[in-house]
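> Handing you this structure, nothing more for now.
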Amino acid sequence: MKYLKKYKKWLLILILPFIIVMCMTIENIIHPDDPQVNSEIEIGVDLKLTAENDDNTKMVFAILAPKSWNIANSAQLTYTTSGYTRGDVTNEPLTLIDPTATEPTTAMPWSTALQSEIGLMGNLGPVEWVVFESQTVFIITDEDEKLITAHVKIKLRTGSQNIKLFMGYFFCGKNRGMHSEYYKANALSKVITVTGASGPLTDYTTVSLTSTTPQTFSYDDIFALNFESVAGDTETELKGIDKVYVYGKAVCSNGSEIVIDAISDKTLMERLGETSYQKYIYPREFFNVPQNVAITALYFHFNNGDKSIVVKQTSGEDFEISETCE
């Protein structure tokens, strides 16, 4: 009998992590069919909680979205529960969590903790975790609560760029936070593609031949234009070339176009590695744009010293580098 009790004890220890893993899950993400730029869109997220532990806590719900959307100031979130024995909530607002509040297991601010523990969910562009909390404090007892479901409704406004990214979602109890490995099952992402602008698609889900440092900038800032002669499965003819030059075109608010197409120190990129090149550019100075004229678009391509090798997009068009803040 003693051995049977010992066996049951160890069996419980072995299966408990698997029970906890299934405790809280995101069941479904509903994105709009054809989201457009500069538009209000509605997103739905279905949650499920199977009570395995007692707790008195608010719900924390977080969204991973482009920084340029500024959803902390524009998003409106409500949620409705089903199955909570002490009284379901209906269309209760989720509010921004206090920016000084810290996640209990990491002692970091919630958004920092999510980026540290969950990461950016495959995104290669500037995204951020924005964290909300419920007003209701849920009193959870595993004897009473068998299954609680919730539907979160998110209304937010998209930005001005065509963009493809992994929108991320996460939820947990505020008191326990990310207290065990199981919390990673509470995070889920789904690709969203927003279109409707005249410019090219900015794809955060794949490695790009071009990027900027910093990723968020305006045309009146100094930024680094980065070029990868090999990116993912794409290998360009400039791979291994010692000197790579940049061609640039600025489109201005007065309708003019200014082209820089010289083989000189002004257009020579710094070689950072076997396949990586970089050029710091202050657009107004680089293109000699008058102070009373605004830059509305920038285009670039890359070539070797005699221009026998030119790298553009697969469509044959120049790479457009779009500002990400105004």
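Let's see how each residue does on (1) in contact with an Asp or Glu (Cβ under 9 Å, 6 or more places away or on another chain); (2) crowded, with 16+ Cβ neighbours inside 10 Å; (3) of a type in the set (Asp, Glu):
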site	(1), (2), (3)
90	no, no, no
93	no, no, no
105	yes, no, no
121	no, yes, no
124	yes, yes, no
132	no, yes, no
136	yes, yes, no
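> Now for a separate question. Just one of (1) within 18 Å of residue 185 (Cα to Cα); (2) aliphatic (A, V, I, L, M); (3) touching a residue at least 60 places away in the same chain (Cβ under 8 Å) trips up residue 127, so point out which.
(1)
> Return yes or no: is residue 309 surrounded by fewer than 17 Cβ atoms within 10 Å (Cβ to Cβ), of a type in the set (Val, Ile, Thr) and either without any contact (Cβ under 8 Å) to a residue 60 or more places away in the chain or assigned by TED's automatic domain parsing to the domain that holds residue 125 (or both)?
Numbers: surrounded by fewer than 17 Cβ atoms within 10 Å (Cβ to Cβ): yes; of a type in the set (Val, Ile, Thr): yes; either without any contact (Cβ under 8 Å) to a residue 60 or more places away in the chain or assigned by TED's automatic domain parsing to the domain that holds residue 125 (or both): no.
No.
> Any residue in the range 64-92 that is in the same structural domain as residue 146 (by TED's automatic domain parsing) sitting within a Cβ distance under 7 Å of a residue that is assigned to a helix (DSSP H, G or I) and surrounded by 17 or more Cβ atoms within 10 Å (Cβ to Cβ)? List the pairs, counting only those 6 or more apart or interchain.
What qualifies is 65/71.
> Does residue 212 qualify as being closer than 15 Å to residue 125 by Cβ, assigned to a loop (DSSP other than H, G, I, E, B) and modelled with pLDDT under 95?
Spelling it out, it is not the case that residue 212 is closer than 15 Å to residue 125 by Cβ, assigned to a loop (DSSP other than H, G, I, E, B) and modelled with pLDDT under 95.
> Separate question: Quick check: is even one residue across the range 185-198 farther than 23 Å from residue 23 by Cα, crowded, with 17+ Cβ neighbours inside 10 Å, at pLDDT 95 or above and touching a strand residue (DSSP E or B) at 6+ places or on another chain (Cβ under 9 Å)?
Within the range 185-198 (the criterion being farther than 23 Å from residue 23 by Cα, crowded, with 17+ Cβ neighbours inside 10 Å, at pLDDT 95 or above and touching a strand residue (DSSP E or B) at 6+ places or on another chain (Cβ under 9 Å)), the answer is yes, since at least one residue qualifies.
> OK, next. If we keep just the residues of the range 291-305 that are in contact (Cβ under 8 Å) with a residue 40 or more places away in the chain and not in a strand (DSSP E or B), which is nearest to residue 197 (Cα to Cα)?
Top of the filtered list is 294.
> OK, next. When residues of the range 263-290 are filtered for being surrounded by 12 or more Cβ atoms within 10 Å (Cβ to Cβ) and outside any strand (DSSP E or B), how many remain?
Matching residues across the range 263-290 total 12.
> Mind listing just one residue for me: the one in the range 215-229 that is of a type outside the set (Ser, Thr, Tyr) and in a loop (DSSP other than H, G, I, E, B) and, of those, surrounded by the most Cβ atoms within 10 Å (Cβ to Cβ)? Give the steps one after another, and end with the answer.
If we filter the range 215-229 for residues that are of a type outside the set (Ser, Thr, Tyr), which is where we start, we get 215, 217, 220-228.
Restricting the remaining residues to those that are in a loop (DSSP other than H, G, I, E, B) gives 215, 217, 220-222.
Numbers: 215: 15, 217: 19, 220: 13, 221: 15, 222: 13.
This residue is 217.
> Of 118, 148, 63, which residue is of a type in the set (Val, Ile, Thr) and at pLDDT 95 or above?
Just a single option satisfies the conditions, and that option is 63.
> Okay, moving on. So the check is Cβ under 9 Å with 6+ separation or different chains; which pairs have a first residue in the range 233-261 that's over 20 Å from residue 314 (Cβ atoms) and a second one that's part of a strand (DSSP E or B) and of a type in the set (Asp, Glu)?
250/257; 251/257
The values are calculated or read from the model by the stated rules, or taken from the named source; none is laboratory data. The structure displayed is predicted, hence computed values, not measured ones. So basically every Cβ, Gly included, is an ideal-geometry build from the backbone, and we count neighbours across all protein chains shown.
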